[in-house]
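Here is the structure we will look at, set down as structure tokens.
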Amino acid sequence: MKAAMSPASILASLRKNPSAVFIGLFLVWFIAAFLVFPNVNFIVLSFFGDDASEGMIRKLIDSPIAMRGLRNSFVLAIALSITTNIVGIFIVLVSEYFDIKGAKLLKVGYMTTFVYGGIILVSGYLMLYGQTGVVTRLLTNLFPEMNQQWFQGFWPVLFVMTVATTTSHMMFLTNAVRSIDNFTIEAAKNMGAKPFYIIRRVVLPIVMPTIYAVTILQFLTGLGAFSAPLLLGGRDFQTIAPLVLQLNSIPGSRGLAIILSFILGLATVVLLTVFARLQRGGTYFSISKTKAEYVKQKIDNKVLNALVHVMAYLLFAIYVLPVIVIVLFSFTNATAIFEVRFSLSDLTLQNYINVFSDRDRIEPFFNSINFSALASLGVVVVVLMGVHLQHRFDNPFTKIVEYSFLIPWMIPSLIIALGLLSAYDTPRLIMGNRVLIGTVAILVMAYIVSKIPMTSRLLKASYQSIDSEYELAARALGARGFYIFRRITLPLVFPTVIALAVLSFNSLLADYNLTVFLSHPLREPLGLMIRRFTNIRADGDTQALIYVYSTVLMAIAGVTVYLVYGVLLKVRDGRGKARGDRSALVQARLSRVP
Amino acid sequence: MIDLKGTEIKYGDFVAMHELDLHIREGEFFTLLGPSGCGKTSLLRMITGFIEPSQGQIYIKERDVTDVSVEKRGVGIVFQSYAIFPTMNVFENIAFGLRVQRLSPNEIEEMVLEMAKMVDLSREQLYRKASELSGGQQQRVAIARALILKPDILCLDEPLSNLDAKLRGQLRLELKKLQKRFGITTIYVTHDQEEALTLSDRIAVFDHGVLEQVGSPEEIFRRPATPFVANFIGDINQYATESLHDVFGIEAASGELGVSFIRLNNVKTEERSGMIKVPVTVVDIDFHGFFVKYTFVTGGGHEIRSATLHESEMHAVNDRLDIFVNEKDFFHL
């Protein structure tokens, strides 16, 4: 089906496919305008722009705030790599490896971060443990002398980031644990090995490459952390990303912001290169011809079994508590919220009525729905064009498209935002001499750009899983290019396309990291509003508002997750296609870490 | 019907099929047989039009179709996976080619119903989803879809290779029945010798992109043209011709260079007139149900294998007995 790569045959096939030429030209413009130019421009600015100066590195070294931010980011990244591995491995052991009572319930609890991530998750924990949070108030009732700002600084940031990112860790590792051949475990048992010896000598070495790879991803997550240090870091624990936001708005400090972002970007590129190498070369596949289905292992030692159960349920409580509190308090009146009191008589729908009947309060919600819907539609259209072209033509141009679509994966959202800001703050020919700053378009385009790598990776996997004989059969029956796409290819990938649009929509709904740089001043999206309300000293009413927003977002995310994993991807699998690329789905989640 | 004249298939520098001349007769069931990687699927794809020959011409009904696109060659194809479109029901699958030709809905319905009847698909089955079809039904849908455009040739690319042994046997019978019913020239690709022998009117055997032999199943089995064909088709005893005197005491061929073969079924354990007797010891027994394969060694340490119907009591390992061969059953290459 694929054309050969000689220039003559490329030209011949282009003549036969005018629609492909049109799509190709559009992609050239899109890639140049949104994936290449802003980032190249940003790098040039970093070194030669007005804000750059010869002494920039000296200025960076001399700035205690910037150096502390850099150090904090790396400290957080290292600490997060350790904590998520400890918690993540424990979670996978209790939910997948060991025979634990109620493992399914535990797993649902551990996966709650799937339905609430990013700034919602941070504000959720803030509502629980923050200065005016439920737990803090309960504690101050018991210990009036205690510091009400105890949930601030490095440890709370690390705690929230660990909870938020372990779900992704769990997704990677669960796959690896499930791929273990049960015969290898039975063989070890047969030779007298004890359960924890088997974990250490048989299980962990098999999943170790996955652990290395996930560790790098967690390190990157820690390095680029934004909303968690912003909301919980306090004065003493600011990391690169929030610092860039702060410096970017101070005249004279923009150069420092740019150089900090550049360091972040550079570290990301280097680490992702290592990640790609680990992912390529390090996976152990079962070499047995008759692999046995994995069977859960019993912990024979009763004391140890009880201890593992207690720890598993304790962790479950940590994960589930914010969700329960958010949902319950969203139905509780403001006074009861403020006094941290809960009784049936306090239950009310008034908070929802207040939100949905007040134009000012509901507008950010509709703004976010509007922007996210446009972006999720835009991203699947652009990626569908690119991936379909790659599928039909194997030539240098489609290779460039393929690799260009991965550019945003290597660039922190912070740099995507700053790149677009610096590229389109003046009229540019490539944009028809329009200035994008101050328009809604720049935010929607940034959303699209940020979702391109994940969408293209998954869509490509979906295309690759199509049996090539379908298209050959259609050709043999007389069908041609667009007819084959419309009748055969598109129906086959359609569930994945919809799933990807829904996933993007869900993850963009409460986005903060891009929004904070690029949003239109008069059309505030939800992420900014939640941040604004979380920022101020929250009274019962404000808290109720955040609880309502969070609950509605969790409901939307819950429906989304059900639609994507429970319906759409099952439809696709039912059509005899390969299972989804889980790591790419995890990538979708990683884009929502705080 | 189909003539390949000096055709060659190349992938870069790799020659998948060396210069080939081949004639396929109208209405015959012609099989391209060979091990994986021998070039048989590439050859089929070249005939159907999915790949172009690097040299040579392809004629179908004396028309040069070398540069004619796949849909204009009058070739129907059944793929290894059957490639039943999973997003369409059976009716839509069969009607696909007709819709591409923009026939009227009435014509389409009429033709699909007629074709369904010919391949034994019920009206109710026509509206089933592809995922609800059994292996046999999928095969019939794939054949119906390929034949509804009334092609001159039907090409089948290993359509039974992914199925279990029992289903493969059933579908083989069904396939033969359908081919006889339609009387269409059929080119069949397989690596399975048994499949080729039972289905085909003629077989072309390939190895490493080279045509080794073309002939009827019986010719291929009884008179293989090359050592490769002799070994590839059925089980066989192989000896250096010069050693035949030592093993069997055959004088006629002794001293000649080359390779000599005798099929396992021609090594008998019961004496018949005019046969050469060889005293042997049983060293191994393979029980296959209807028949038994024995491995013997002669006094000189040469190995001889036989396959006999399991009718009488079996011999045991270390039994000493006489086996019998007929000199005319040997062939020398």
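The values are calculated or read from the model by the stated rules, or taken from the named source; none is laboratory data. No experiment lies behind these values; they were computed from the predicted model shown. Positions of Cβ are generated from backbone atoms using ideal geometry, with glycine treated the same way; all protein chains shown enter the neighbour counts. Areas reflect the complete protein model, heavy atoms only, side chains present, ligands, DNA and RNA absent. Shrake-Rupley method; radii C 1.70, N 1.55, O 1.52, S 1.80 Å.
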**OP:** Might you check whether a residue that is within 14 Å of chain B (Cβ to nearest Cβ), touching a helix residue (DSSP H, G or I) at 6+ places or on another chain (Cβ under 8 Å) and in contact (Cβ under 8 Å) with a residue 12 or more places away in the chain occurs anywhere in the stretch A:447-469?
**Re:** yes
Subject >> Odd one out for A:I250 among (1) among the aliphatic types (A, V, I, L, M); (2) modelled with pLDDT of 80 or more; (3) not in a helix (DSSP H, G or I) >> reply: (2)
Original post:
When you scan the stretch B:41-74, how many residues do you find that are in contact with a Cys (Cβ under 6 Å, 6 or more places away or on another chain) and either β-branched (V, I, T) or within 29 Å of B:Y127 (Cα to Cα) (or both)?
Top reply: 1
Original post:
Can you tell which of A:V381, A:V444 is open to solvent by less than 20 Å² (accessible area, probe 1.4 Å) and modelled with pLDDT of 95 or more?
Top reply: A:V444
Original post:
Quick one: in the stretch B:85-112, which of the residues that are hydrophobic (A, V, I, L, M, F, W, C) and more than 12 Å from chain A (Cβ to nearest Cβ) is surrounded by the most Cβ atoms within 10 Å (Cβ to Cβ)?
Top reply: B:V90
Subject >> Meets criteria (closer than 24 Å to B:S216 by Cβ, open to solvent by 30 Å² or more (accessible area, probe 1.4 Å) and modelled with pLDDT of 90 or more) for B:E19 >> reply: no
Original post:
Looking at the stretch A:230-245, which of its residues are surrounded by fewer than 24 Cβ atoms within 10 Å (Cβ to Cβ) and in a helix (DSSP H, G or I)?
Top reply: A:P242, A:L245
Original post:
Which residues, counting only those in the stretch B:290-333, are open to solvent by less than 70 Å² (accessible area, probe 1.4 Å), free of Cβ contacts under 8 Å to residues at least 24 places away in the same chain and in a strand (DSSP E or B)?
Top reply: B:V292, B:T295, B:V297
Subject >> Scan of the stretch B:26-53 for residues that are within 14 Å of chain A (Cβ to nearest Cβ), open to solvent by 60 Å² or more (accessible area, probe 1.4 Å) and more than 17 Å from B:H208 (Cα to Cα), ordered by number >> reply: B:E52
Original post:
Of all the residues that make up the stretch A:517-529, how many are assigned to a helix (DSSP H, G or I) and over 17 Å from the mean Cα position of the chain (by Cα)?
Top reply: 5
Original post:
Of everything in the stretch A:540-559 that's open to solvent by 10 Å² or more (accessible area, probe 1.4 Å) and modelled with pLDDT under 80, which residue is farthest from the other protein chains (Cβ to nearest Cβ)?
Top reply: A:D541
**OP:** Select from the stretch B:149-191 the residues that are in contact with a helix residue (DSSP H, G or I) (Cβ under 9 Å, 6 or more places away or on another chain), part of a strand (DSSP E or B) and of a type outside the set (A, V, I, L, M, F, W, C) and write down the one among them that is nearest to the other protein chains (Cβ to nearest Cβ).
**Re:** B:D157
Original post:
Name the residues in the stretch B:149-162 that are of a type outside the set (D, E, K, R) and within 14 Å of B:F79 (Cβ to Cβ), would you?
Top reply: B:L154, B:C155, B:L156, B:P159, B:L160, B:S161, B:N162
Original post:
What single numbered condition from (1) within 14 Å of another protein chain (Cβ to nearest Cβ); (2) in a loop (DSSP other than H, G, I, E, B) fails to hold for B:A142?
Top reply: (2)
Original post:
Do we have any residue at all in the stretch A:407-429 that's touching a Gly at 6+ places or on another chain (Cβ under 7 Å) and at pLDDT 90 or above?
Top reply: no
Original post:
Identify, please: which residue in the stretch A:448-492 is outside any helix (DSSP H, G or I) and of a type in the set (A, V, I, L, M) and is, among those, surrounded by the most Cβ atoms within 10 Å (Cβ to Cβ)?
Top reply: A:L477
Original post:
Of all the residues that make up the stretch A:460-503, how many are within 28 Å of A:I556 (Cβ to Cβ) and aromatic (F, W, Y)?
Top reply: 1
**OP:** Test B:S81 against the stated conditions and say whether it is among the hydroxyl-bearing types (S, T, Y), facing another protein chain (nearest Cβ under 9 Å), under 26 Å from B:K176 (Cβ atoms) and part of a loop (DSSP other than H, G, I, E, B).
**Re:** yes
Subject >> Tally, over the stretch A:312-335, of residues that are modelled with pLDDT under 85 and surrounded by fewer than 20 Cβ atoms within 10 Å (Cβ to Cβ) >> reply: 2
**OP:** Can you run down the residue pairs with Cβ atoms below 8 Å, 6 or more apart or on separate chains, where the first is in the stretch A:93-115 and open to solvent by 20 Å² or more (accessible area, probe 1.4 Å) and the partner is assigned to a loop (DSSP other than H, G, I, E, B)?
**Re:** A:D99/A:K296; A:D99/A:K298; A:D99/A:I299
**OP:** Please find, within the stretch B:59-78, the residue that is nearest to B:P159 (Cα to Cα) out of those that are touching a residue at least 60 places away in the same chain (Cβ under 8 Å) and within 8 Å of chain A (Cβ to nearest Cβ).
**Re:** B:I77
Subject >> Test for B:R102: is it over 28 Å from B:K40 (Cα atoms) and of a type in the set (D, E, K, R) >> reply: yes
Subject >> the stretch B:214-235: number of residues that are within 13 Å of the chain's Cα centre (by Cα) and in contact (Cβ under 8 Å) with a residue 12 or more places away in the chain >> reply: 10
**OP:** Specify which of the listed residues (B:R140, B:R128, B:R145) is open to solvent by less than 30 Å² (accessible area, probe 1.4 Å), among the charged types (D, E, K, R) and within 15 Å of B:A116 (Cα to Cα).
**Re:** B:R145
Original post:
Looking at the stretch A:148-173, which of the residues that are open to solvent by less than 10 Å² (accessible area, probe 1.4 Å) and hydroxyl-bearing (S, T, Y) is farthest from A:G133 (Cα to Cα)?
Top reply: A:S168
Original post:
Applying the selection to the stretch A:337-366, what residues are over 28 Å from A:V108 (Cβ atoms), in a helix (DSSP H, G or I) and not acidic (D, E)?
Top reply: A:F338, A:S345, A:Q350, A:I353, A:N354, A:F356, A:S357, A:R359, A:R361, A:I362, A:P364, A:F366
Subject >> Answer residue from the stretch A:340-359, given it is closer than 18 Å to A:M529 by Cα and open to solvent by less than 40 Å² (accessible area, probe 1.4 Å) and is modelled with the highest pLDDT among those >> reply: A:Y352
